[in-house]
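Enquirer: Can you read through this structure? Questions will come right after.
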Amino acid sequence: MTTTEQTDFANLNPDRVIDAVESLGYVSDLRVFALNSYENRVYQFGLEDQEPVVVKFYRPERWSDEQILEEHRFTQQLADTDIPVIPPWQNDAGDSLFHFEGYRFSIYPRRGGHAPALDDMDNLFQLGRLFGRLHLVGASAAYQFRPKLDVVSFGDDSRRDILAEVIPSSLRESYASLSEDLLRLVKQRFDEIAPTYIRCHGDGHVGNILSRNDETWLVDFDDSRMAPAIQDLWMFLSGEHDNQQRAIMELIEGYQEFYDFDPRELGLIEALRSLRIMHHAAWLARRWQDPAFPKAFPWFNTERYWGEHILQLREQLSLIQEPPLRMPY
């Protein structure tokens, strides 16, 4: 993390949050609660005589204004087609990204709920329908400013930064050799399948699904980018091969009510899982100078952590060579 980022977030206290939000004409009731977020800073913000809102302050130097606004436009487009997402609030001029003393922030309605149970096949079917609807809209246009999920940014760059900065010397050679072999197979899968890239949520896991009173909301598009459609589905799969096979059948059955799924993309699941594992480790390393990260992830950057990380990659090297999951018919 750069010095700018450290200074920016270190100086973001409740008084500054209140000043920023009140600069838009809101009146605070002085109740400001930090929510569970590390990449950005997110707060529940109490308002006088109104429901609380959620205020999101963007990490400096992560996304440009154009990239943030592109995400906002996508979520608004989804909401306009009755897909249950939560776009940011807009003022009378149509602005959704605001600036205050060097900070950039947006405001969202508050929604509550719990994660759906993924061992319930009906939940998986409904999630498939949700993402099928999302991808029907997502495929209608392309991002112009946001990046795509590719092997270079998630794999090669992650490997480079880990080898340059954090891997213990005792494990460096093992990691270097293993990650090179794994990325070679990942690149091979992407080259063989040549997937279509569409606007995706990008981080479709159960923590970004809120269910309550028969309503389901998809939240947090901060990682939205151009990606293969399977990127929004594979994180709902877990457990042994047979469990994953049953789950993917339900997901795709619901999905195809709205959008055609390319069965070749099932061959990308373990490749994408491998990239996510590598990218997550590199993300922690890049953010380690942010004081919030050592507190939240005290186990990171230890020899034990990196030993277990290498074991994970070794498992992925095996899994990526196994036959992929099958379509439901």
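The values are calculated or read from the model by the stated rules, or taken from the named source; none is laboratory data. What you see is a predicted model; the values in this text were computed from it and never measured. Note that we place each Cβ from the backbone using ideal geometry, even for glycine, and neighbour counts take in every protein chain shown. Please note that ligands, DNA and RNA were not included when accessible areas were found on the heavy atoms of the full protein model with its side chains. Shrake-Rupley method; radii C 1.70, N 1.55, O 1.52, S 1.80 Å.
Enquirer: Please work out which one of (1) touching a Pro at 6+ places or on another chain (Cβ under 8 Å); (2) surrounded by fewer than 23 Cβ atoms within 10 Å (Cβ to Cβ) is the condition Ile248 fails and give its number.
Expert: Result: Ile248 passes all but (2).
Enquirer: Right, next: Filter region 117-136 down to the residues that are open to solvent by 20 Å² or more (accessible area, probe 1.4 Å) and in contact with a helix residue (DSSP H, G or I) (Cβ under 7 Å, 6 or more places away or on another chain) and list them by number.
Expert: Taking region 117-136 and keeping what is open to solvent by 20 Å² or more (accessible area, probe 1.4 Å), we get 117-123, 125-126, 129, 133, 136.
Passing the criteria: Ala117, Leu118, Met121, Phe125, Gln126, Arg129.
Enquirer: With respect to Gln90, determine if the residue is assigned to a loop (DSSP other than H, G, I, E, B) and surrounded by fewer than 16 Cβ atoms within 10 Å (Cβ to Cβ).
Expert: yes
Enquirer: Search region 211-236 for residues that are touching a residue at least 12 places away in the same chain (Cβ under 8 Å) and pair each with any residue that is of a type in the set (S, T, N, Q) when their beta-carbon atoms are under 6 Å apart and the residues are at least 6 apart or on different chains.
Expert: Listed by first residue and then by second, the contacts come to Val219/Asn208; Asp220/Asn208; Phe221/Thr75.
Enquirer: Would you mind telling me which numbered condition in (1) free of Cβ contacts under 8 Å to residues at least 60 places away in the same chain; (2) part of a helix (DSSP H, G or I) Leu136 fails?
Expert: Answer for Leu136: the failing condition is (1).
Enquirer: Right, here's the next one. Which condition number does Asn36 fail, the rest of (1) outside any strand (DSSP E or B); (2) at pLDDT below 95; (3) in contact with a strand residue (DSSP E or B) (Cβ under 7 Å, 6 or more places away or on another chain); (4) surrounded by fewer than 16 Cβ atoms within 10 Å (Cβ to Cβ) being met?
Expert: That leaves (3) as the condition not met.
Enquirer: Then there is this: Only one residue in Arg62, Arg31 is in contact with an Asp or Glu (Cβ under 9 Å, 6 or more places away or on another chain) and of a type in the set (D, E, K, R). Which one?
Expert: That would be Arg62, the only listed residue that is in contact with an Asp or Glu (Cβ under 9 Å, 6 or more places away or on another chain) and of a type in the set (D, E, K, R).
Enquirer: Still on this structure, please answer the following. Quick check on my filter: what residues within region 174-212 are at pLDDT below 95 and open to solvent by 20 Å² or more (accessible area, probe 1.4 Å)?
Expert: His205, Val206, Gly207, Leu210, Arg212 - these are the residues of region 174-212 that are at pLDDT below 95 and open to solvent by 20 Å² or more (accessible area, probe 1.4 Å).
Enquirer: Among the residues of region 251-270, write down those that are part of a helix (DSSP H, G or I) and either more than 19 Å from Lys187 (Cα to Cα) or open to solvent by 30 Å² or more (accessible area, probe 1.4 Å) (or both).
Expert: Leu251, Ile252, Glu253, Gly254, Tyr255, Pro263, Arg264, Glu270 - these are the residues of region 251-270 that are part of a helix (DSSP H, G or I) and either more than 19 Å from Lys187 (Cα to Cα) or open to solvent by 30 Å² or more (accessible area, probe 1.4 Å) (or both).
Enquirer: Run down Glu308, Glu303 and say which single residue is touching a Ser or Thr at 6+ places or on another chain (Cβ under 8 Å), assigned by the TED database to the domain that holds Ala164 and exposed (fewer than 15 other Cβ atoms within 10 Å of the Cβ).
Expert: Checking each option against the conditions leaves just Glu303.
This table checks each residue for (1) assigned to a helix (DSSP H, G or I); (2) touching a strand residue (DSSP E or B) at 6+ places or on another chain (Cβ under 9 Å); (3) within 24 Å of Val206 (Cβ to Cβ).
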position: Phe125; (1), (2), (3): yes, no, yes
position: Leu130; (1), (2), (3): yes, yes, yes
position: Ser170; (1), (2), (3): yes, no, no
position: Glu173; (1), (2), (3): yes, no, no
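Enquirer: Has region 214-228 got any residue that is more than 21 Å from the chain's Cα centre (by Cα), open to solvent by 30 Å² or more (accessible area, probe 1.4 Å) and over 17 Å from Ile277 (Cβ atoms)?
Expert: Initial filter on region 214-228 (more than 21 Å from the chain's Cα centre (by Cα)): 214-215.
Pick out the ones that are also open to solvent by 30 Å² or more (accessible area, probe 1.4 Å) and you get 214-215.
If we keep only those that are over 17 Å from Ile277 (Cβ atoms) as well, we get 214-215.
Yes, region 214-228 contains a residue that is more than 21 Å from the chain's Cα centre (by Cα), open to solvent by 30 Å² or more (accessible area, probe 1.4 Å) and over 17 Å from Ile277 (Cβ atoms).
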